[in-house]
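Below is a structure I'd like to ask you about.
The values are calculated or read from the model by the stated rules, or taken from the named source; none is laboratory data. Because the structure is a prediction, the values reported are computed rather than measured. All Cβ positions, glycine included, derive from the backbone under ideal geometry; neighbour counts span all protein chains shown. Calculation scope for accessible area: heavy atoms of the full protein, side chains included, ligands and nucleic acids excluded. Shrake-Rupley method; radii C 1.70, N 1.55, O 1.52, S 1.80 Å.
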Amino acid sequence: MIEQELRGALAALVDGLPARQASAAVERLIAHYRGETPTGAPVLRNRADAVAYAAYRMPATFAAASAALEALAERAPGWRPGDHLDIGGGTGAAVWAAAGVWEGPRTTTVLDWAESALDLGRELAGRVPDVAGTGWQRGSLRGGTPRLAPADLVTVSYVLGELEPADRSAVVEAAAGAARDAVVLVEPGTPDGYLRIREARDALLAAGLTVLAPCPHDGTCPVVVGQDWCHFAVRVARSSLHRQVKGGELAYEDEKYSYVAAVRHPLGDGPAASRVVRRPQQRKGQVLLDLCVREGGLTRRTVTKRDGADTWRAARKTDWGDAL
């Protein structure tokens, strides 16, 4: 399983890094990401930074990217990318995620400006045949629209928040232009992360693409800014370094993320009729589902046994983020 291979590769890296040094690097990176992000230099300054970041955050970003790519694959079951461009991919979480979603060889390129992240990503990928053939290319995402080679699938995960607004717009524009078939953008599931995805979604639509997931429509997002934000969650097993830094006893945490998957031309079944946008509430004899529906609005559906045995069973199994 690709996730287990990733965790094994990360564990091997951390074994060679002193615990105190790893913890200090993680604390600095956490403080950095919680504050304003300078754009004059890469966040990951050296190998210790890259190892600490990968061990601490890569399992969560891998899980979020996997969930977003799986949502795309679910709506386009007959499609598989022949090549993949990961913009700002750093240590390659989205590359590993794509390998877990679509089997078979593909040409993959990771573009990032942090040499230490690219070196570590290459080292990690070299341990597993499914991602060993990835190309690691240094290039800046700042100062104008980057020139990108076309690819069937273009991903931009956990990157937009590191960019100034003008560079952010340029990267989304370039991603839309480079995608032959599909582009997937993923950001942290915070109010600000959602706003970046919402802005990027508008830009993808303006570029002529169609939203395939999570939205069941191409209309204006019905979420009222300032009152709520569209996001989802995936459960992630904590690493030993993660537990050490956070000082928690739980073996897992929920990674919240926002995403959009858009396509240049029709793929598969098209958007779902609706999407579950909150964690379902199960009560005695009822399941309450908060939905974003194809007509472009938010609604709550109450499912009971009166709706039929099949519908009732399906509702009880439905999870946050599922198409319905």
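Taking a ≥ b ≥ c as the square roots of the Cα gyration tensor eigenvalues, with a/c under 1.5 meaning rounded and otherwise prolate when a/b beats b/c, else oblate, which class fits region 98-146?
On the way: a/c = 3.18, a/b = 1.65, b/c = 1.92.
Oblate is the answer for region 98-146, as a/c is 1.5 or above yet b/c matches or exceeds a/b.
Here's another thing I want to ask about it. If R0 is 22 Å, what FRET efficiency do you get for LEU195 and ALA166 from their C-beta distance, rounded to 0.05? Each step should come with its number before you reach the end.
Values: r = 16 Å, r/R0 = 0.73.
Calculated transfer efficiency: 0.85.
Rolling a 1.4 Å sphere over the protein heavy atoms, what is the accessible area per residue of the chain, to the nearest Å²?
Details: 14890 Å² over 324 residues.
Ligands and nucleic acids excluded, the result is 46 Å² per residue.
Ok, one more. Among ASP307, ASP181, ASP130, determine the one that fluctuates most according to a GNM of the chain built with springs between C-alpha atoms less than 10 Å apart.
With Cα springs under 10 Å in the chain, the top fluctuation among ASP307, ASP181, ASP130 is at ASP307.
Would you please classify the overall shape of region 149-297 from the alpha carbon gyration tensor, given that a ≥ b ≥ c denote the square roots of the eigenvalues, rounded means a/c under 1.5, and beyond that prolate means a/b larger than b/c while oblate covers the rest?
oblate
Calculate what fraction, in whole %, of the accessible area of region 102-182 sits on carbon and sulfur atoms when a 1.4 Å probe is rolled over the protein chains. Show your work: numbers first, answer last.
Working: 1620 of 3470 Å².
With neighbouring chains kept in place, the figure for region 102-182 is 47 percent.
Then there is this: Calculate for the chain the 222 nm mean residue ellipticity that helices alone would give, adding -39,500 (n - 2.57) per DSSP H run of length 4 or more and normalising by residue count, nearest 500 deg cm²/dmol. Each step should come with its number before you reach the end.
Numbers: 10 runs with 128 residues, N = 324.
So the helix-based figure for the chain works out to -12500 deg cm²/dmol.
Give me the extension gain from LYS284 to ASP254: residue separation times 0.36 nm, minus the current Cα-Cα distance, reported in nm with one decimal.
That pair, LYS284 and ASP254, stretches by 8.2 nm at full extension.
May I pose another question? Report, for the chain, the % of DSSP beta bridges that are antiparallel, rounded to 5.
Numbers: 29 of 48 bridges.
Of the beta bridges lying entirely in the chain, close to 60 percent run antiparallel.
Would you mind checking region 166-181 for residues with the amide N under 17 Å from a putative spin-label position 7 Å along Cα→C-beta of ALA149?
175, 177-181
Same structure, new question: Name the most mobile residue of ALA261, ALA272, ALA63, meaning the one with the largest mean-square fluctuation, in a Gaussian network model of the chain with Cα contacts below 10 Å.
Among ALA261, ALA272, ALA63, the largest GNM mean-square fluctuation belongs to ALA272.
Apply 1/(1 + (r/R0)^6) to the Cβ-Cβ distance of ALA237 and GLU27, taking R0 = 22 Å, and write down the FRET efficiency to the nearest 0.05. Mind showing how you got there, number by number?
Working: r = 21 Å, r/R0 = 0.97.
Using R0 = 22 Å, I get an efficiency of 0.55.
Further question: Separation of region 288-316 and region 64-97 by C-alpha centroid, Å?
Each part reduced to its Cα centre gives a spacing of 29 Å.
Related question: Ignoring GluC sites (Glu not before Pro) that are buried or in helix or strand per DSSP, and keeping those with at most 12 other beta carbon atoms within 10 Å, what is the longest stretch of the chain between them? Walk me through the numbers on the way to the answer.
Numbers: sites that count: GLU36, GLU103, GLU249, GLU295.
The answer is 104-248.
Here are labelled values, (i) 13; (ii) 22; (iii) 40, and one is the computed percent of Cα pairs over 34 Å apart for what I pasted. Which one?
(ii)
Now a separate question. Using 0.36 nm times the number of residues separating THR304 and THR220, minus their current alpha carbon distance, what extension gain do you get?
On the way: separation 84, 0.36 × 84 = 30.24 nm, distance 3.09 nm.
Extra length from THR304 to THR220 when fully extended: 27.2 nm.
I've got another one for you. Need the full-extension length gain, MET1 to VAL128, defined as separation in residues times 0.36 nm minus the C-alpha distance. One decimal, nm. Intermediate results must be reported in sequence, preceding the final value.
Numbers: separation 127, 0.36 × 127 = 45.72 nm, distance 1.07 nm.
Result for the pair: 44.6 nm of gain on full extension.
Can you tell me the equivalent ellipsoid semi-axes for region 148-231? Use √(5λ) from the Cα gyration tensor, largest first, whole Å.
Numbers: eigenvalues 84, 47, 22 Å².
After diagonalising the Cα gyration tensor, the semi-axes are 20, 15, 11 Å.
Let me ask something additional. Taking the chain as a Gaussian network, Cα atoms linked when under 10 Å apart, which of ALA213, ALA76, ALA176 shows the biggest mean-square fluctuation?
ALA76
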